[in-house]
Structures are given as structure tokens and as C-alpha cells.
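The values are calculated or read from the model by the stated rules, or taken from the named source; none is laboratory data. In this text, all values refer to a predicted model and were calculated from it rather than measured experimentally. Counting neighbours? That spans all protein chains shown, and the Cβs are built from the backbone with ideal geometry, glycine included.
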Amino acid sequence: MRPFLLIAGLFALAIGCSHVGDYVWVDAVPESVAASDTEYVIAMGDLVNVRVFNQEGMSGKARVRNDGKISLPLLNDVEAAGLTPTALARRLQTRLKEFINNPVVTVSLEETALIQVSVLGEVARPGAYKVDPGSGVLHSLATAGGLTPYAGRDRIFVLRRSSASGKQGVLRIRFTYEGLSHAEGRAATFRLRDGDVVVVE
């Protein structure tokens with residue numbers, strides 16, 4: 001579970017800007033930020049299926065542990081978290097050359113771990129929630145019980161850690177409830193990431 005202090009700090013940043021503050025509308029956010037990555041990146045808790053061609057004894061499923069590694073026959077521990085399935089397959093092929101001539105490895109994703117997002121502000125049940133990877137903002141609002149009568153329907157924000165221009169900071173992305181509910185523009189394809197904070201003012 002992510003430290004509560006980080007969540008509290010991000011919330012304080014949002015509330016401290018009662019005049020709305022600095023933000024960028026979701027339609028102005030680059031596609032690489034708004035959408036999911038083109039190829040999935042393996043995370044802790046994922047279940048991967050490793051197949052080594054003509055080597056059934058070396059093939060099988062493995063769960064990515066909290067240290068980011070998986071255990072496989074002959075190779076023991078292999079770093080998997082942070083790699084795409086394709087990159088992990090290449091890494092395994094290189095390691096297996098010590099034991100097999102021209103190994104052919106494929107890695108597929110059997111099960112993805114849930115990501116954690118926090119939903120704060122004018123929602124019925126503020127808190128931290130586990131959601132499926134690729135979930136959108138509207139899904140997170142529904143998980144938190146929906147908006148309260150006091151919610152600003154055009155003041156829905158996602159706070160996301162960003163390293164734009166080489167600087168670490170928080171990107172504050174603004175949505176309207178109408179845009180979310182009608183799947184308009186970039187709001188329709190925006191996907192939450194692990195550690196995002198949704199704030200309704």
C-alpha cells in the first residue's frame with residue numbers, strides 16, 4: 001500500500017488551490033500521458049506464462065513477487081517488474097543460452113495485478129481503491145460511490161506524478177463530469193495509473 005502521507009500531500013496541494021489553481025485540461029494532455037502504454041509493463045503481483053519452445057520442463061506460470069522477480073527452473077530469480085513481456089522474453093533467451101542451443105522464449109500475461117488509486121474530495125466514500133489496470137476516471141468515481149450534491153461537476157482532477165522537462169512534480173489534469181459521462185474527447189481514452197489521485201472539488 002502506498003504511503004498515506006503522499007496521498008495527503010497531494011490532496012493538500014489540490015485543496016490549497018481553492019481558486020482551481022494550475023491545471024491542464026485533459027484534451028491538452030499528450031496522448032502518451034492520457035492513454036495506456038502501447039505494450040503492457042509487468043508489475044508486482046502479475047502472473048506471467050513463460051513458454052520455452054520444446055522445453056516443457058522449463059515452461060510454466062510464475063507470479064511476480066514483491067521484489068519484482070520471478071522464479072524459473074535453472075535460472076532461479078529473474079527480474080521481471082518494469083519490463084514488457086517482449087523484453088522479458090529477450091532477457092530469458094539470453095540467460096537460457098547457457099543451458100540450451102538457440103532458445104526460443106515467449107512470455108504472455110495471464111493475470112494483471114490491480115492498481116491503487118485514491119479518490120478524494122466531494123465523493124460519497126473517499127479513500128484508496130484497488131481497480132483494474134486501464135480503468136478510467138468515471139470508473140473510479142463510481143467505485144467511490146459517485147459525486148456528492150456539493151461536487152463541482154467541472155472541477156474533477158487527476159493528480160499524477162510527472163517528470164516532464166526532467167523535473168519531478170505533480171501534473172494536475174482537469175475533467176468535466178459531462179465529458180466523462182458522454183465519453184467526449186480525450187476523457188474517453190484517459191486511463192488511470194498506479195498511484196494516481198482523483199480529486200473532486
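Go through (1) small (G, A, S); (2) over 30 Å from R63 (Cα atoms); (3) at pLDDT below 95 for A151 and report which single condition fails.
All conditions are met except number (3).
What are the pairs with Cβ atoms under 8 angstrom where one residue, in segment 125-140, is among the basic types (K, R) and the other, located anywhere, is at pLDDT 95 or above and outside any strand (DSSP E or B)? Sequence gap at least six, or different chains.
Cβ pairs passing all conditions: R125/A144; R125/G145.
Out of everything in segment 157-192 that is closer than 19 Å to A128 by Cβ and surrounded by fewer than 18 Cβ atoms within 10 Å (Cβ to Cβ), what residue ends up being modelled with the highest pLDDT?
Ranking the qualifying residues of segment 157-192, first place goes to R191.
In segment 68-124, what residues are within 19 Å of E39 (Cβ to Cβ), of a type in the set (S, T, N, Q) and touching a residue at least 24 places away in the same chain (Cβ under 8 Å)?
T84, T86, T106, S108, T112
Inside segment 40-156, counting only strands (runs of 3 or more DSSP E) that do not spill past its ends, which hold 1 or more residues that are surrounded by fewer than 16 Cβ atoms within 10 Å (Cβ to Cβ)?
47-52, 60-63, 69-72, 76-79, 105-111, 127-131
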